[in-house]
Amino acid sequence: MINIFIIYFITMPPIQSITTTEAIRQRILDVAIERFSRYGYGKTAMADIADDAEMSTANLYRYFGNKLDIASACARNCIQDGLDEQRNAITASQLNVEHKLLQLVLTMITHAHENIRENSHINEIVAMITSERPEVVHEKLNTQQGMIMEILAHGNVTGELNIKDIAGTAKTLLSSLILFDVPIFIGLYSKEEFEQRAHDVVSLLMKGLRSS
């Protein structure tokens, strides 16, 4: 009986750790975003991603159910990077409300311009995610609305503002500022032109907020 157990444990395949699984998933996402950026979503097949990741297509399906799942995960990673940058931009305590809001928008512009520069097919991916996985976009918008709510609440505390409906006001502000976070619009102007527009829009919005 002991010999049987010894043989079993020696010959059984190693159990893949969570760390190893996540490393493989990240490797897949890294090669996938490179291929999406170069060839676009439509011209990329699961077999292409598997080849780039140096694995079989069958093995690739162990980690992601389909190409849309991979693209959604890539989008979430990119979105999270942008949100982290936006969070860092507004946390500087020495900034007043207007400058916090402006830094939030300027960071949106910078991130969007970087995405366009690195990924000429980004509008195709954005359109696909918006259509097929809208929850990914809603998660991003909810997080951004939450950051604007924090800025407004900070303004109430410092006496710069007196906003009664913080959630509703933040939702309206985000609707006014989302233009600066959409790649298709970002590509129409130089970064400098868009930044100037951001300054003008934020200044106008703050005038309205202060008078409310």
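Readers should treat all values here as calculations from the given coordinates under stated rules, not as data from a laboratory. Computed from a predicted structure; not experimentally measured. With ideal geometry, Cβ positions are generated from the backbone for all residues, glycine too; neighbour counts draw on all protein chains shown.
In region 117-211, which trypsin sites (Lys or Arg not before Pro) fall in coil by DSSP and have 14 or fewer other Cβ atoms within 10 Å? Let's see the in-between values first.
Numbers: sites: ARG117, LYS140, LYS164, LYS171, LYS191, ARG197, LYS207, ARG210; in loops: LYS164.
Counting only loop positions with at most 14 other Cβ atoms within 10 Å, the trypsin sites (Lys or Arg not before Pro) in region 117-211 are LYS164.
Take the alpha-carbon centre of region 52-109, take the same for region 118-156, and report the distance between them in whole Å.
That distance is 9 Å.
Relative to 2.2 N^0.38 Å, what does the C-alpha radius of gyration of region 96-177 come to as a ratio? Two decimals please. All intermediate terms of the calculation are to be shown ahead of the outcome.
Numbers: Rg = 15.0 Å, N = 82, 2.2 N^0.38 = 11.7 Å.
Relative to the rule-of-thumb radius for its length, region 96-177 sits at 1.28.
To the nearest 20 Debye, how big is the dipole of the chain about its Cα centre, given +1 on the beta carbon of each Lys and Arg and -1 on that of each Asp and Glu?
Working: 19 positive and 26 negative charges, 72 e Å.
So the dipole magnitude of the chain works out to roughly 340 debye.
Return the subset of LYS100/LYS191; LYS43/LYS191; LYS164/LYS191 for which the Cα-Cα distance in this structure is over 26 Å, preserving the input order.
Numbers: LYS100/LYS191 19 Å; LYS43/LYS191 29 Å; LYS164/LYS191 35 Å.
Over 26 Å apart, Cα to Cα: LYS43/LYS191; LYS164/LYS191.
Using only Cα atoms and rounding to the nearest 10 degrees, what angle (0 to 90) does helix 122-132 make with the longest principal axis of the chain?
80
Which net charge results when you count Lys and Arg as +1 and Asp and Glu as -1 among the other residues whose beta-carbon is under 11 Å from that of LEU83?
Values: positive: ARG76, ARG87, LYS140; negative: ASP81, ASP84, GLU85, GLU139, ASP181.
So the surrounding residues net to -2.
What's the local net charge at ILE33, with K and R +1, D and E -1, over the other residues with C-beta under 12 Å away?
-1
With a 10 Å cut-off between alpha carbons and a GNM built on the chain, which of ARG35, ARG62, ARG87 moves the most?
Highest fluctuation among the options: ARG62.
In Å³ and rounded to a whole number, note down the convex hull volume per residue for the Cα atoms of the chain.
About 167 Å³ per residue, rounded to a whole number.
When Lys and Arg each count +1 and Asp and Glu each count -1, what net charge do the other residues less than 12 Å away from ASN66, Cβ to Cβ, add up to?
On the way: positive: LYS67, ARG133; negative: ASP69, GLU132.
It works out to a net charge of 0.
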